[in-house]
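Just below is one structure, and these are the notes that go with it.
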Amino acid sequence: MTRHFLDLSDAGGDGVAAMLADALERKAARQGWPKGRADADAPLAGHTLAMIFEKNSTRTRVSFDMAIRQLGGTSIVMDAGSMQLGRGESIADTARVLSGYVDAIMIRTDDHAKVVDMSKYASVPVINGLTDASHPCQIMADLLTIIESGRALPGLKVAWLGDGNNVLASIMEAGGLMHFDVVAACPQGFQPSDEDVARGRGRARVVGSAREAVEGADVIVTDTWISMGQDHAETKLAAMMPFQVDEALMAAAKPGAAFLHCLPAHRGEEVVDAVIDGPQSLIWAEAENRLHAQKSVLRWVFGQIG
Ligand code: CP
């Protein structure tokens with residue numbers, strides 16, 4: 001059966017754990033190697049990944065491109081607007097056609113239903129590179145970063161500061177699968193749906209106070225409140241400001257708590273410079289770990305892991 005990675009639950013807790021172990025091992029094995037050199041075993045030699053972007057990307061685009069290359073394969077990167085897909089060709093027809101050319105498809109879109117449709121009609125694995133509903137590849141990198149920092153996932157308290165977006169939905173899902181608690185502090189009107197909270201399998205909850213969320217937290221996570229390039233909505237900014245991650249909020253968490261942000265960031269909005277550039281911030285490792293985590297996602301969809 002074709003393996004798709006539309007959400008973390010497609011792999012389940014055991015699959016996610018297996019991918020994280022693989023990512024740690026492969027990352028360690030590459031220390032000091034040039035980025036363009038394939039891994040010693042080149043496990044995806046001969047495989048091609050097509051990537052379709054309906055939305056801008058830096059990290060997802062470059063890390064997937066380098067991931068497939070380091071695994072010995074190749075990639076084709078396309079902006080949806082330059083494809084017939086951007087001029088009305090259906091997802092179903094696109095999925096069937098690309099399945100004849102490439103071994104896997106990654107798509108980033110604002111419409112989760114399109115990724116689901118792609119997986120229905122493609123005969124090769126489909127990977128969610130971010131939708132309006134979830135961002136599972138980002139969370140794989142976040143989990144890897146947390147483990148690398150010396151923390152075991154079970155029993156952790158992760159605090160989310162911000163609105164109920166796609167990244168939070170995937171963190172909540174990860175909490176349910178990997179047995180850690182997620183406490184999200186979100187203002188009225190910007191809370192996650194009940195469906196997203198339910199992804200946490202009883203380990204996710206929403207509070208109205210930033211202080212309450214961070215108390216005793218091992219990891220503090222935030223995300224941009226307004227997507228890059230979108231007009232700043234003053235009403236949203238005003239509602240979000242009490243949830244800004246600053247030094248005082250970090251001090252209210254567990255001593256030495258880690259700070260994560262998937263990037264890109266609007267510095268001075270969701271987080272202040274002193275935190276994002278401070279000693280508790282793991283954002284550069286988190287960004288690099290997109291590469292290592294996605295290599296394991298690629299190996300998982302091809303049945304090489306789990
Ligand atoms: N975090 C993330 O997905 O970054 P990009 O939008 O740059 O891919």
task: First select every other residue whose beta carbon is under 14 angstrom from the beta carbon of Val124; then total the charges, Lys and Arg +1, Asp and Glu -1.
output: +2
query: the chain: D in µm²/s via Stokes-Einstein (Kirkwood Rh, Cα pairs, 4 °C, 1.567 mPa s)?
result: 66 µm²/s
message: Can you tally the net charge around Met172? Count Lys and Arg as +1, Asp and Glu as -1, for every other residue whose Cβ sits under 15 Å from the Cβ of Met172.
response: -4
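Sort 138-146, 18-26 by the packing proxy (mean of other Cβ within 10 Å over each peptide's residues), most packed first.
138-146, 18-26
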query: Label 7 Å along Cα→Cβ of Ala152; the stretch 1-30 residues with amide nitrogen under 20 Å?
result: 13-25
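Could you tally up the Lys pairs in the chain with alpha carbons closer than 16 Å? Skip any pair fewer than 8 positions apart unless they're on separate chains.
5
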task: Work out, in µm²/s and without decimals, the Stokes-Einstein translational diffusion coefficient of the stretch 40-91 at 4 °C, 1.567 mPa s, Rh from Kirkwood over C-alpha pairs.
output: 108 µm²/s
Cα principal axis extents for the stretch 163-306, largest first, Å: 47, 36, 32
- line: Mean-square fluctuation maximum in Gaussian network of the chain, Cα pairs under 10 Å, restricted to Pro279, Pro34, Pro264, hits Pro34
task: Extending each Cα 7 Å along its Cβ direction at Trp284 and Ala238, get the distance between those two points in nm, one decimal.
output: 3.9 nm
- prompt: Placing +1 at every Lys and Arg Cβ and -1 at every Asp and Glu Cβ, with all other atoms neutral, what dipole size does the stretch 166-306 have around its Cα centre, in debye to the nearest 20?
  reply: 560 debye
query: When the convex hull of the C-alpha atoms of the stretch 123-207 is computed, what volume per residue in Å³ does it have?
result: 103 Å³
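If a helix is a whole DSSP H run, which ones in the chain reach 15 Å or further along their own axis (Cα) and hold a mean Kyte-Doolittle hydropathy of at least -1.0?
Values: long enough: 12-29 (26 Å, 0.24); 59-70 (16 Å, -0.57); 136-148 (18 Å, 1.12); 166-178 (18 Å, 1.16); 283-301 (27 Å, -0.36).
Helices meeting the criterion: 12-29, 59-70, 136-148, 166-178, 283-301.
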field: Cut-off 17 Å, label 7 Å out along Cα→Cβ of His179, residues of the stretch 127-158 by amide N
entry: 147, 151-158
statement: dims of the stretch 155-203, Cα set, principal axes, largest to smallest, nearest Å -> 28, 18, 16
- prompt: Under the classification rounded if a/c is under 1.5, otherwise prolate if a/b is larger than b/c and oblate if not, where does the stretch 102-245 fall, given a ≥ b ≥ c as square roots of the Cα gyration tensor eigenvalues?
  reply: oblate
- request: Any chance you could run the full-extension gain for Gln304 through Ala29? It's 0.36 nm times the residue separation minus the Cα-Cα distance, nm to one decimal.
  value: 97.2 nm
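Which order do Thr222, Thr2 take by accessible area at a 1.4 Å probe, largest first?
Result, largest first: Thr2, Thr222.
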query: Rounded to the nearest whole Å², what accessible area per residue is found for the chain with the 1.4 Å probe?
result: 41 Å²
statement: In whole Å, largest first, the alpha carbons of the stretch 1-63 cover along the principal axes 33, 31, 23
field: Cubic angstrom per residue, convex hull over Cα atoms of the stretch 19-177
entry: 132 Å³
message: If I compute solvent accessible area with a 1.4 Å probe over the protein chains, what percent of it on the chain is carbon and sulfur?
response: 50 percent
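The values are calculated or read from the model by the stated rules, or taken from the named source; none is laboratory data. Everything numeric here is computed off the predicted structure, so don't read it as measured data. Please note: Cβ atoms are built from the backbone with ideal geometry, for glycine as well, and neighbour counts cover all protein chains shown. Just so you know, the surface numbers come from the protein's heavy atoms only, side chains and all, with ligands and any DNA or RNA stripped out. Shrake-Rupley method; radii C 1.70, N 1.55, O 1.52, S 1.80 Å.
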